[in-house]
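Below: the structure, in structure tokens.
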Amino acid sequence: MFKTLKTMKNILYTIAIALSIIACKNDNKKEETSIKTVETTDANDGLTLIEGDFIYYADAAVLQTQTGVFGVIINKQTQELANQAKPFQKEDTDMVKVRVRGTIEPKTEGTEGWDYNVNIAKIISVKALNPKENEVIKIGK
């Protein structure tokens, strides 16, 4: 009786360890695929097509995609994108729909912000966001 109980415990421990290892492997794959769904390479130039809602406000820029939120590295293209977005914004805090090509880079250690940043290399399109998607609750003036 003790022998079968001990054997059953060993089997249960083995199954529990195997399941936890499999679960860890699946978690890593989910994290990688959530980033890769944003990344769809268009050409052999190493850039990634990224679509999402963009806002540039007070020297900070953010790009929100279906899979996450990214900080945007401020460069010449980011400034140009902000200028192209202005005609589509009623308020400074309004977001615009953009399609850009660039690179997704992990943030540097010890800095605040999102886990990944977008370095914009090319602007493909800028258009107004659906007004229902751009609703903001304002408190006083």
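Return Asp94, Asp59, Asp45 ranked ascending by Cβ neighbour count within 10 Å, so the fewest neighbours appear first.
On the way: Asp94 18, Asp59 6, Asp45 10.
By the 10 Å Cβ count, ascending: Asp59, Asp45, Asp94.
With a sphere of radius 10 Å drawn around the Cβ of Leu63, what net charge do the other residues whose Cβ falls strictly inside it have (Lys, Arg +1; Asp, Glu -1)? Before the final figure, lay out the partial values.
On the way: positive: none; negative: Glu51, Asp53.
Residues close to Leu63 contribute a combined charge of -2.
Over all directions, the average projected area of the alpha-carbon convex hull for the range 38-132 comes to how many nm²? Working shown, then result.
Numbers: hull surface 25.0 nm².
Convex hull of Cα atoms, orientation-averaged projection: 6.3 nm².
List the trypsin sites (Lys or Arg not before Pro) in the range 48-125 that DSSP assigns to loop (not H, G, I, E or B) and whose Cβ has at most 13 other Cβ atoms within 10 Å. Which are they? The partial results should precede the final answer.
Numbers: sites: Lys76, Lys90, Lys97, Arg99, Arg101, Lys107, Lys122; in loops: Lys90, Lys107.
In loop regions of the range 48-125 (DSSP not H, G, I, E or B), the sparsely surrounded trypsin sites (Lys or Arg not before Pro) are Lys90.
If a paramagnetic tag sat 7 Å from the Cα of Ile74 along the Cα-Cβ line, which residues of the range 43-58 would have the backbone N under 17 Å from that point?
55-58
Going by how many other Cβ atoms sit within 10 Å of their own, how do Phe70, Phe88 line up, fewest first? Numbers along the way, then the final one.
Numbers: Phe70 26, Phe88 16.
Sorted ascending by nearby Cβ count, the order is Phe88, Phe70.
Read-outs: derived from the displayed coordinates by stated rules, not from any lab. Not measured: the values here are computed from a predicted model. Please note: Cβ atoms are built from the backbone with ideal geometry, for glycine as well, and neighbour counts cover all protein chains shown.
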